[in-house]
Every structure is written in C-alpha cells, then in structure tokens.
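The values are calculated or read from the model by the stated rules, or taken from the named source; none is laboratory data. Keep in mind that this is a model prediction, so the values were computed, not measured. Here the Cβ is made from the backbone with ideal geometry for all residues, glycine too, and neighbour counts use every protein chain on show.
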C-alpha cells in the first residue's frame, strides 16, 4: 500500500482524455496494469491493512475460528435500481460471512474486465465497493485484475472472498436446526430480482422497485450479542426463499411448514410477479435472511431485528415441525398445503 | 460436506446421456446448481475441512499471521502443453502465498462458466485442481458457480483465493530488499507463455515446449526452514522476469543489476522468441521466482533449490547495487548496459 491515508477522490483519477476505455494492455501485468492499480484500486480501496504492492496481504490472524466464503458476481445490467455490481459484490460476501455468524474482517476483490469497458464505469463500481465495505466494516486488502477480449466477457465480473472470525462456541449451521424452531424472516421478499429484471428488460411499474441489497452482518452481530440461541441463518439469494428453505430442510433432514400469508411481499412486487408469471418465493433477494431460533427467543429476535431500521420488517413465517423428512410445505389461508421444491429451471439468470 | 471420505472418481459423475453441456439453469441456484455441487464439486474437492453445504467454511484459525491472496484465471486455451486452467488456478495462488513466506492452508474456488461448456471438460478441470491442491498441500474448502450466457464468457474463468499462515517474525516483502542482496532465480524462463501461445496459435516447434507451471511452496518452506535470511521473493508471472524486477526495484527504491547471460533460457524457447520477436525476459512463467538473499546465504539457497528436483536449475543472476534509485539494468557479455522497463504493451494477453 503506497498511501493508506489517501482520501477517496470522487472524480475518476484517469481522465477521459488519457485512456477512456480498458484495453488488453491493462491486463498484461505491465505498465498499464500498474496504472490501474495505482490510480483506481489503491485510491478507492486503500486502508491501513491493504497491501496491493505485494503478492498477498499479511494480516493479523483472527483469534478463534476463521470463516471463508467466496462469490463471483456476474449481474446484468451492472447498474440497477437500488444498487450496482460493486455494492452487490461486497454485501453478497459480507452476508455469507454473517450467515455463518462471523464478524467480517477482510475482503479480496478480483476483476475480470471486458476490453472496452469505460474506465469511468469501473471507477463508479470501485467507489461503490469502498462505500459498501466501509458501511459493513470490512477491509479490502488484496486483489487481482484480468482483461478478456471484447465479446469474451460482459463488462465486468467481480469475485470477492470474505474472511471473518467467529467466536469459539458459536454453532450456526444447517445441522443445528431442531424440531420446534421458529423461522423468522427479516423483511419483504422479491425486490432484488424484480429490480434487476426490470432494468434489464426495460419494464416500468407505477413505482420504481429498488433492490433490497444490504449488509446483514450488523443485524446478525446484534442477534448474537443479545445472548440468544440461533440455530441456523441463511440468506435468500439465487433461487429465493423457497430454494433456501428446501436446501436447509434437505441438509438438516427436517420438515418445515411455512404459512404463505405471513411472508411479507410488497404489493408492487406481487403485481410485477403476477404480470410476469413469477412466484416471489423463488425470486432472489440480497438483503434478506431467515433465522431458525427456539420459541423462547422469538420475541427477542423480533425486537432486535425491528431495531435495525426501516428496511427490516421481521416476521415469523413458519416452524420446523418434524425430523426425518427433508420437506418444505407452504400452507395458505384456505388450509391448502403445497410441497415446495427448489427452483428447477433458470427463471432468473444473471441477477447476482 | 456430505461425504468427506468419498474417493475421487475419475469418470465424469454426470454421464453424457444426462446433461452433456452447462445450461443457464446450472447457474440459477436451484436443482441444477445443486446437481453440479453434489456430483462434480463435492466428489472432486471434498475433504475433511470443506463445507459446500453452507454459505462459508468455518475453519481452525492460523496461529500467527494470516496471508490472503486472490487471482482470477482467464487463460485461453483452457488446456495447453504442461497444464490446464485448473492446475494454473491452484498453483498460481499457492505461489502467491509462498512469495509471502506463507504455508498454504485453505483455498476457495469460484467458477464463471459460459453456457455450453461440456460438463466433461469441467470435470477434467476440477480433477486437475484437486490433484494440484493435494500436491501443494492446500485444502479446497468453499466455492461458488455462476453461469453466463453463450458469448458472454470464454469456456470457464476461475477465481481462487488462498489463505496461508506465516510465522510471527518472518518479514519477506519488497520493503526488506537491501543493497548487496544477491538475486537467485530457481530455473529457466519463458516456457509458460510460449506453451500457451503455441497452443493458441497452432505453432509447433522441434520439441513441444511445456509450461513450467508448478507449486513453489515446498521450495519456499525449505528455504525458510533452513534458517537462512530471505529479504524478498517474487514469482515471475504476467510481464515476466523484467516486469517483476522493475516492480520490486520501484517499490524498494533500489538499483538492480542483472547479468543477462546468467538468465537460464532453454534453446527452444530462445528460438521461438527469436522467430516471434519476443524477449524471454517479458514472458510469463508459472513456476519461477526470484529470491533476494544476503551474500552469506547464497550457497545455502542454491543448495536447497538444487535439492528440489529436476525442474529446479537455480542460478544467481544479479545483485542489488544501490539504493535511492528504482532502476533495473541488464548487462550483456560485451559489457553493454540496458535500462529495463516493465512490459508496456499487451505482448501476451490471456496467458493466466
């Protein structure tokens, strides 16, 4: 790191008059790659712990257990109502750490850029990443950049790998789910997928549906610090709520019963889904999760989540009612019960 | 991890009669994504510490300092003499850990796959990754898969992030380079770039030039364990030896003098470079590094490297002769001295 204290400059540090677009030479490892690192990545990401001048970052080791998670982001389009690929690339990985009960520490960021991307666009994306990282309290410490020929990529793909620390005795995972657990969701579902799809297809609704993209680590840390027992957490990304619940029921070998009417969905999202023929339960979210908690901690969980601000509208949506059956059912207000499967086709490709 | 003790099956677990090619549904997060995870990634990568059923892997924390490094691999073609994108994706990251003096521990693996890739090809690549990981002694613990539309990718791109541990008092980095340091290279240069280019362009030479792709962590661990002082290590990837030396001289603000005749280059590589108009000093390697060591440890370093097998042909190629000048010169046998710059164009795109 050349200048850890450098202030974030909002104007793109490589003026349009110099190199307006990414060329293959930016990925050669030579002068042009170094210009990107020195003028774009270090000014945007630099902090006291980042080390972009070396092959890796040497960091203080977390005390107890280490959590590692990785995600590649290929969202199309790069910018959508409520966010962009940069915010998504930070929050998506921060949220996977949170779902393991981990406090976020360090993030790596690697870019696969298509020849011809405007450098100004890259700058906007890295600024979004820095801002999202600051909000989530995670440090971007190392990275990589590759450039692929025009027509062999799609603007930019970003991989982030997150490292977090988890307290010694914390066990938050699917194998910990128990009969009787209540299932709490932190807010309304379906907005991220609809926001991206609307932008991509040029659809417009009465009001703009914004992505729910948000970091979840703060909420999870507060749940943990409240001293309550949490059996499992899962964010509701690709495949949506339904796929996440089926995955968990399969892994934990339990029967989950959801009251469909209790799932919060905005009326605009419901309307968009009806027009497009989608089920909100299968639509991707980027700031939504379910928590499996014993009954005696439900009120506390709801209180903690409610204190997290307007974006959080927590609700109990169902229960684990049996073991020895990897099964999820949705019950509606007429008492009809439907067995739910994971997403089976490719309803929503490239939403994250 | 569903079955950590599962034996690696050499035959592709998804038969051609089922799904011969990757579809957008494989990236949807639903059933087809799970089939890839359960039938391809877990059988290939599974080990006692991998956790593909959860959002991240919870692992034992390294004792002293943590090293994190990340790389995206976009090599074209995917298979080349001496290796493939899978071997490269493991060794490239293992080597970046080694260059920080770190013992490799954990690896994440994330795939961006183009719709239409043969599943058999993906299987060959993940088997290569497992084999390379076993050789390097690193565990693949978590991953991700995304699918992009046909014509928006190039077969498959792979991101790996490596986590290693470094002993408390070890300081191996560019800022530690000192006047008087000898510069040792571990073998001949230029093979990886020429091997990939030959395959891509359909060039043939008298003998097949094979990539030098290899893990370097074992050699680095032995150098460290021998008790010798090592000031800096750097692998000679994109931009080759020349770019790596200029980067280091810039960062450390020192003058480096290289005896050009001492740089080992195979005669076939030299011949290929002459025909193609390339300079071997700028060609990428994937199993080559330079070590900066004080004079009194040179013999020990050469002895340790020589003991590493046939692929290692260590040689002293130059010295750090001054401070306060970020400068590299190559001297030839006639005494002529040339000031060296980083690679300035895009000589070799997509070689890693």
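I'm checking my understanding of the structure. Among residues of region B:66-81 that are touching a strand residue (DSSP E or B) at 6+ places or on another chain (Cβ under 7 Å) and more than 7 Å from chain A (Cβ to nearest Cβ), which one is surrounded by the most Cβ atoms within 10 Å (Cβ to Cβ)? So the residue we want is B:73. Scanning region B:40-50 for residues that are assigned to a loop (DSSP other than H, G, I, E, B) and either under 24 Å from the mean Cα position of the chain (by Cα) or buried (at least 19 other Cβ atoms within 10 Å of the Cβ) (or both) yields B:46, B:47, B:49, B:50. Of the residues examined, residue A:226 is not one that is buried (at least 24 other Cβ atoms within 10 Å of the Cβ) and in contact (Cβ under 8 Å) with a residue 12 or more places away in the chain.
If the condition is being assigned to a loop (DSSP other than H, G, I, E, B), surrounded by fewer than 22 Cβ atoms within 10 Å (Cβ to Cβ) and modelled with pLDDT of 85 or more, then region A:53-65 contributes A:61, A:62.
As a summary of the residue check, residue A:231 satisfies the conditions (1) out of contact with any helix residue (DSSP H, G or I) (no Cβ under 7 Å at 6 or more places or on another chain); (2) within 27 Å of residue A:164 (Cα to Cα); (3) at pLDDT 95 or above except for the one numbered (1).
Check region B:307-320 and report whether any residue there is more than 19 Å from the chain's Cα centre (by Cα) and more than 17 Å from residue B:233 (Cα to Cα). Yes. The one condition from (1) in contact with a strand residue (DSSP E or B) (Cβ under 9 Å, 6 or more places away or on another chain); (2) more than 7 Å from every other protein chain (Cβ to nearest Cβ); (3) over 27 Å from residue B:105 (Cβ atoms) that residue B:46 does not meet is (3).
You will find that of B:137, B:116, the residue that is over 21 Å from residue B:351 (Cα atoms), out of contact with any helix residue (DSSP H, G or I) (no Cβ under 9 Å at 6 or more places or on another chain) and modelled with pLDDT of 95 or more is B:116 and no other.
The residue that is surrounded by the fewest Cβ atoms within 10 Å (Cβ to Cβ), counting only those in region B:13-39 that are more than 14 Å from chain A (Cβ to nearest Cβ) and touching a strand residue (DSSP E or B) at 6+ places or on another chain (Cβ under 9 Å), is B:16. Filtering region B:66-82 to residues that are within 30 Å of residue B:198 (Cα to Cα) and assigned to a strand (DSSP E or B) leaves B:69, B:70, B:71, B:72, B:73, B:79, B:80.
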